[in-house]
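Just below is one structure, and these are the notes that go with it.
Please treat every number below as a calculation from the coordinates, not as lab data. Everything numeric in this text was worked out from a predicted model, so none of it was measured. Cβ placement follows ideal geometry from the backbone for every residue including glycine, while neighbour counts extend to all protein chains displayed.
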Amino acid sequence: MSLAGIILTWKQRAVMSKPNFVYVTYIAATPEQVWQALTDPDTTEKYWFGYRVDARGKAGESMTATSPAGKPAHNDPIIESDAPRRLVYAWQPLFKEMEGERPSRVTFELEAFKGQTRLTVLHDEFDDGSKIFGMISKGWPAVLSSLKTFLETGRGLESTWGEDDRKRTAEVQNA
């Protein structure tokens, strides 16, 4: 292999080795019910620990999230919206500690599967050393577990977020 080929292979590996987060769960609900739970602020508030996430728009419009205290936490572009199959939006929290960090991307894929919905969440396009990656690696499992519980029982889970998460929420609330 030539030196140019080795360098190209190394660069390809470097791009592929960027961190990403993948979560797959099966939910005893229709894709339409899961879609509504992912996009409707009145529903997200019930399982997303008080956050109101509004992703009902189409590509080019915004996904917004509002903290439990009513302060903006997100205002990110919707990249793709194909109800009830695929939703993609940018992710750049409005937290002070995240200032200057480039937006990452969240992709939700919903697939009907044996009377339930297979939900796959891919969160990618992180910069090396991303603060957001560490944050979402704890946050998504809690939120998605609460989503599943909510759709299957009618009640979301209690917040599992720790002191750092509460401080971050307070920063948004006091901004």
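How much length is gained if the chain between Asp42 and Arg102 is pulled fully straight, taking 0.36 nm per residue apart and subtracting their Cα-Cα distance, in nm to one decimal? Intermediate values should be presented prior to the final figure.
On the way: separation 60, 0.36 × 60 = 21.60 nm, distance 2.87 nm.
Gain on extension, Asp42 to Arg102, equals 18.7 nm.
Find, to one decimal place in angstroms, the Kirkwood hydrodynamic radius of segment 17-174, where the mean of 1/r is taken over every pair of different Cα atoms and then inverted.
Numbers: mean 1/r = 0.0634 Å⁻¹.
Over segment 17-174, the inverse of the mean reciprocal pair distance is 15.8 Å.
Residue by residue through segment 86-94, which ³J(HN,Hα) values in whole Hz follow from phi under the Karplus form 6.51 cos²θ - 1.76 cosθ + 1.60 (θ = phi - 60°), with glycine and proline marked x?
After applying 6.51 cos²θ - 1.76 cosθ + 1.60, I find 8, 9, 10, 9, 6, 9, 9, x, 8 Hz.
Sorted by mean Cβ packing within 10 Å, highest first, what order do the peptides 82-93, 123-134 take? If you can, show how the numbers build up before the last one.
Details: 82-93: 17.9, 123-134: 16.1.
The peptides rank, most packed first, as 82-93, 123-134.
Output ³J(HN,Hα) for segment 57-72: one whole-Hz value per residue in order, computed from phi by the Karplus curve 6.51 cos²θ - 1.76 cosθ + 1.60 with θ = phi - 60°, and x for Gly and Pro.
x, 9, 3, x, 8, 10, 9, 10, 9, 10, 5, x, 8, x, 9, x
Give Lys46/Lys138; Lys114/Lys138; Lys18/Lys71 a once-over and call out the pairs whose C-alpha atoms are over 25 Å from each other.
Numbers: Lys46/Lys138 19 Å; Lys114/Lys138 29 Å; Lys18/Lys71 31 Å.
Pairs exceeding 25 Å: Lys114/Lys138; Lys18/Lys71.
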